[in-house]
Ligand SMILES: NC(=O)c1ccc[n+]([C@@H]2O[C@H](COP(=O)([O-])OP(=O)(O)OC[C@H]3O[C@@H](n4cnc5c(N)ncnc54)[C@H](OP(=O)(O)O)[C@@H]3O)[C@@H](O)[C@H]2O)c1
């Protein structure tokens, strides 16, 4: 059993004397080009924050974000890139997938530790928020949903699983830095994130958009690739914009400090209800469910050239299928043999009341992908 450490803030730069160059709401979004980070960065800019966006290859897709190019695994590059920054808030939205969970733990915890070690004056930080996810409850990819099925809905109060898990190590690195430097923290656990990002590691929404587009172009059946439990059962999803709202809330509310929170849209869906609705958006029909999982990674494995042809035919801006589709991840999430439902009571009771209608998460994403000429 673990318990959340609670720290008193030792110093608050919003009220104590700080250099004049430090605006009161300056965010450092770590992983600012990812699906979580970029949607958060857009929200923070819209709310009037000064936003620095860190990535190895920062881009300029989100207007107003000040790019910071640094590798979290290269402390000298990190220190150099951060030397003039004095953020009031850090939002850690980064991860790197490794071959084993042991490696995931080593690398991903080091990324968190290196970040806080490289900040020139970490005692000026007010709050740092870390995004993890449902693998906190389900276990790491290599032992995904393999043990005793977790009791649903997932609640923040359950003890950690007795398994190596990079989320636990990232949390511990955050707690340690918060204690050492006197800032408050929050941890956010989304379910599968639906939102706009190109070239990122895990994006179910754009993966399904590519699959549906290929089905429409070729006449192939649009088959739900997941398990019977996912097809029939209740589940939920997390719009990246809903996650951004919770990150913002927790980072600026007393009730959000020093707590871990689940974050999902707030409605429940069954894939057998949602799948035909996604098909309608693309003007195709959902195929009958075959009663078993069908690997989407295999289905799309030979389609790189086909996507290049579709991109050429419609003048799309991204002809590399791998920049839009992450079928391995969609297979992992939709193939889960256990029910995945998430409890939102904790943050609701603490004052976070935002809600997102899940079909709109997909429709808004597909509309944006089309507007950006990423799908026809
Ligand atoms: N995507 C989902 O569906 C989902 C669902 C639940 C939970 N989560 C969790 O949410 C968290 C954030 O994931 P995400 O999906 O938003 O990730 P993502 O889309 O893959 O983005 C990762 C970000 O981190 C940056 N990055 C990676 N390695 C870096 C390094 N060494 N130095 C500096 N920047 C680096 C990437 O940019 P560069 O490559 O340019 O460096 C990118 O900006 C993770 O813990 C993930 O497990 C995600």
- Please enumerate the residues belonging to the range 330-376 that are assigned to a loop (DSSP other than H, G, I, E, B) and under 25 Å from residue 144 (Cβ atoms). 335, 336, 337, 338, 339, 341, 343, 344
- Task: Could you check residue 226 against (1) over 30 Å from residue 25 (Cβ atoms); (2) within 11 Å of the ligand (Cβ to nearest atom); (3) buried (at least 19 other Cβ atoms within 10 Å of the Cβ) and say which number it fails?
- Result: (2)
- Yes/no for residue 149 being more than 17 Å from the chain's Cα centre (by Cα), more than 16 Å from the ligand (Cβ to nearest atom), closer than 24 Å to residue 81 by Cβ and in contact (Cβ under 8 Å) with a residue 24 or more places away in the chain: no
- Task: Residue by residue through the range 271-286, note down the ones that are more than 30 Å from residue 130 (Cβ to Cβ) and touching a residue at least 60 places away in the same chain (Cβ under 8 Å).
- Result: 277, 278, 279, 281, 282, 283, 284, 285, 286
- Message: Being assigned to a helix (DSSP H, G or I) and either within 15 Å of the ligand (Cβ to nearest atom) or in contact with a helix residue (DSSP H, G or I) (Cβ under 8 Å, 6 or more places away or on another chain) (or both) is the filter here; which residues of the range 41-93 pass it?
- Response: 41, 42, 43, 44, 75, 76, 77, 78, 79, 80, 81, 82
- Message: If I filter the range 112-127 for residues that are assigned by TED's automatic domain parsing to the domain that holds residue 41, farther than 20 Å from residue 238 by Cβ, assigned to a strand (DSSP E or B) and in contact with a helix residue (DSSP H, G or I) (Cβ under 6 Å, 6 or more places away or on another chain), do I get at least one hit?
- Response: yes
- Which residues, counting only those in the range 223-238, are assigned to a helix (DSSP H, G or I) and closer than 25 Å to residue 188 by Cβ? 230
- Message: Against the condition farther than 21 Å from residue 199 by Cβ and out of contact with any strand residue (DSSP E or B) (no Cβ under 7 Å at 6 or more places or on another chain), how does residue 80 come out, does it pass?
- Response: yes
- Message: Checking the condition under 17 Å from the mean Cα position of the chain (by Cα) and within 18 Å of residue 260 (Cα to Cα), which residue from 111, 134 passes?
- Response: 134
- Query: How many of the residues making up the range 239-270 are in contact (Cβ under 8 Å) with a residue 60 or more places away in the chain and either closer than 13 Å to residue 191 by Cβ or outside any helix (DSSP H, G or I) (or both)?
  - Reply: 19
- Query: With respect to the numbered conditions (1) within 16 Å of the ligand (Cβ to nearest atom); (2) closer than 22 Å to residue 376 by Cα; (3) assigned to a loop (DSSP other than H, G, I, E, B), which one is the sole condition not fulfilled by residue 220?
  - Reply: (1)
- Message: Take the conditions within 18 Å of the chain's Cα centre (by Cα), modelled with pLDDT of 95 or more, closer than 24 Å to residue 232 by Cβ and surrounded by fewer than 20 Cβ atoms within 10 Å (Cβ to Cβ) and apply them to residue 354. Does it pass?
- Response: no
- Query: Which residues, counting only those in the range 161-177, are away from the ligand (no atom under 16 Å from the Cβ) and touching a helix residue (DSSP H, G or I) at 6+ places or on another chain (Cβ under 9 Å)?
  - Reply: 176, 177
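The values are calculated or read from the model by the stated rules, or taken from the named source; none is laboratory data. Small disclaimer: the values here were computed from a predicted structure and weren't measured. Here Cβ is always computed from backbone atoms with ideal geometry, including for glycine, and neighbour counts include all displayed protein chains.
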